[in-house]
1. Restricting to region B:374-383, name every residue that is open to solvent by less than 40 Å² (accessible area, probe 1.4 Å) and either assigned by TED's automatic domain parsing to the domain that holds residue B:203 or small (Gly, Ala, Ser) (or both).
2. Contact list please: Cβ distance under 7 Å, first residue in region B:340-369 and within 14 Å of chain A (Cβ to nearest Cβ), second residue surrounded by fewer than 19 Cβ atoms within 10 Å (Cβ to Cβ), pairs at least six apart or on different chains.
3. Surrounded by fewer than 21 Cβ atoms within 10 Å (Cβ to Cβ) and at pLDDT 95 or above, is that true of residue B:144?
4. Of these, B:82, B:75, which one is in contact with a Lys or Arg (Cβ under 8 Å, 6 or more places away or on another chain), of a type in the set (S, T, N, Q) and not in a loop (DSSP other than H, G, I, E, B)?
5. Can you go through B:184, B:117, B:169, B:122 and tell me which one is surrounded by fewer than 24 Cβ atoms within 10 Å (Cβ to Cβ), touching an Asp or Glu at 6+ places or on another chain (Cβ under 7 Å) and touching a residue at least 24 places away in the same chain (Cβ under 8 Å)?
6. I'm trying to understand the selection: among the residues of region B:187-228, which are of a type outside the set (A, V, I, L, M), surrounded by 24 or more Cβ atoms within 10 Å (Cβ to Cβ) and outside any strand (DSSP E or B)?
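The values are calculated or read from the model by the stated rules, or taken from the named source; none is laboratory data. This structure is a prediction, so every number in the text was calculated from the model and none was measured. We place every Cβ from the backbone using ideal geometry, glycine too, and count neighbours over all the protein chains shown. Protein only, heavy atoms only, side chains kept; ligands, DNA and RNA dropped before computing areas. Shrake-Rupley method; radii C 1.70, N 1.55, O 1.52, S 1.80 Å.
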Amino acid sequence: MWDYSEKVREHFYHPRNAGPLVDANAVGDVGSIKCGDALRLMLKVDPQSELIVDAHFQTFGCGSAIASSSALTEIVKGKTLDEALKVSNQEIADYLDGLPPEKMHCSVMGREALHAAVANFRGEVWNDDHSEGAMVCKCFAVDAVLIEKVIRDNKLSTVEQVTHYTKAGGGCSSCHEGVEEILAKVAQERCTAPAVAVQPPAAAVPPAKPRLTNFQRMRRIEEVVESIRPMLQRDHGDIEIVEVDGKNVYVNLKGACQGCMMEQATLSGIQAQLIDALGEFVQLLPAAMLGRPALAS
Amino acid sequence: MDPIYLDNNATTACDPEVVAAMLPFFTEQFGNPSSMHSFGNQVGLAIKDARQRVQALLGAEHDSEIVFTSCGTESDSTAILSALKAQPERNQIITTVVEHPAILTLCDSLEKDGVVVHRLGVDKKGRIDLDEYKSLLSPRTAIVSVMWANNETGTLFPVETMAEMAHGVGAMFHSDAVQAVGKVAIDLKQTQIDMLSLSGHKLHAPKGVGVLYVRRNTRFRPLLRGGHQERGRRAGTENSAAIVGLGVAAQLAVEHLAFENREVKRLRDRLEAGILPQVPCSFVTGDPGNRLPNTANIAFEYVEGEAILLLLNKQGIAASSGSACTSGSLEPSHVMRAMGIPYTAAHGTIRFSLSRYTSEAQIDRVIAAVPPIIAQLRQLSPYWGERGPVAGADGGFAPAYA
């Protein structure tokens, strides 16, 4: 629940000057049903003195929007148009003993309706300079559009600077992530440095081993397998080389190694040692595969 | 005048039986359940008992599938982050646009880290399209997270079917069921749902305790690591008093399930039937034929929700609204916008959520209070004339900026 002042509640429960004003000669419409609040301010202005004789409002909106509208009509009654134009949104908020930060836009809407009504009376075209983004800093009611504009205009690059320029982030600091996102977005647009293409790290090239003759190569394979055999034999298993055909090394697992759960792990372990010793890729295959087309590698 | 609390989807009052069961755990039963001595042992047994009661409420096959957490949000975060971490080969999430922020904000954040998030849209009644869902499922889907029931409209989702479809591509399925538990029958062992979030304070247990159901054999990675509590799946000393309270609340929920679907539903229907004919330009949002028994979400066109709530509050009636002004953001509820509810109505949606404590006399007071409030606010509104909305509300009253 919002922390509304007693005055806001009072003006909401008992709004002053609500409803249409039949002989109004200055009407200001602002807001939209889409935004969730809209206000029609109706003034009766004495054409000679430009004195506001009466003021009414119709408002679609929350409690503080209705209270702000009510306060506005009370404030401007009896003022000349020029005096009324000097009424700031802060004055409307002060009249109500303050508004929650998220609700300050209700007082801004009141001031805009006033300007629109005066323009309507004087036959001018009124353009609003109203833009409102998502609320980023709730402590000081600063929205994303304002923060982005200030960052851009002043070339800001840190949250601290944004706080100095807009107050945003100067309170509870929970919006710092949001401020950083806006900073990053603007910085990215501002950055003119050529994009650096990320080079994939070069693959490590193993030092080329001297090329072995066929005989040396087979001897080397045999040495590796012989060095492993004692370990297999300890577990009541064994291995024998059946054939070496290019990169395919065909072996028979024997004894306990046959059908062992670890068969695949054993084979890939031996294969890794062979690759290491030979400096080239080889594939260890069961002898049963001999004569069949080699596995896709 | 007694206050009337119709905001039970936001939170509920603790049942007096729950409070009574909890009290000893603040005084004589203060031990740490992990301790060897008798101070701890008693607490450990009480937690075990609470776990079994929650198991019964959810229809879980094993009590070890119940993991106590601190809240629904923690359960949601744990489920989604666990699924991503346990399945590094999968990097996609499927969820809906009408989830609770506990899911949506997490997904937004994960998206920044490179996770692909698909958000299923809904139709005018808040229903999702299963064909669209099917087209999004892929071998890259890590987890699907869909709420059992929507918190604003009460609309129910076909989570059981969706869980089966998720398993079709090997993805996990999580449901944020904080609104549904205790209001609709849930029997998880008959489903393929892998994980489910529950929040204590939505079912008359205290705040600060929740549950993540994790089906046995679901690959799981804890969010909080540390001690061995909850079998290492959620470290941190157990909130024993609250867990005991949740156990009692779970049992009471089982006992009152039929009452919820008969009496509470009858009062909800009475409320709608009492208000709608008296207020022109008002309608029920969501899918009235397929929703929670306790939830009525009514849109009142051309008035703003916060103003309605303030006037209701003055008469001691508590409800909530999807209007922009009540949330602090400048947009009306994401659920209403997702359903394409026009702005003329979205700002004026009011959710009345009942509980088993709601009485018929209270409902009749609300029925009497609402129509004059709406009429009073419409009188103030520039969009409302003598006889109803001004011709083409946006045309008749067209302010200088939109």
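1. Residue satisfying the conditions is B:381 alone.
2. B:340/B:124; B:343/A:34; B:346/B:337
3. Details: surrounded by fewer than 21 Cβ atoms within 10 Å (Cβ to Cβ): no; at pLDDT 95 or above: yes.
The answer is no for residue B:144.
4. Details: B:75 fails: in contact with a Lys or Arg (Cβ under 8 Å, 6 or more places away or on another chain).
Sole residue among the options that is in contact with a Lys or Arg (Cβ under 8 Å, 6 or more places away or on another chain), of a type in the set (S, T, N, Q) and not in a loop (DSSP other than H, G, I, E, B): B:82.
5. B:117
6. Correct list: B:194, B:200, B:202, B:204.
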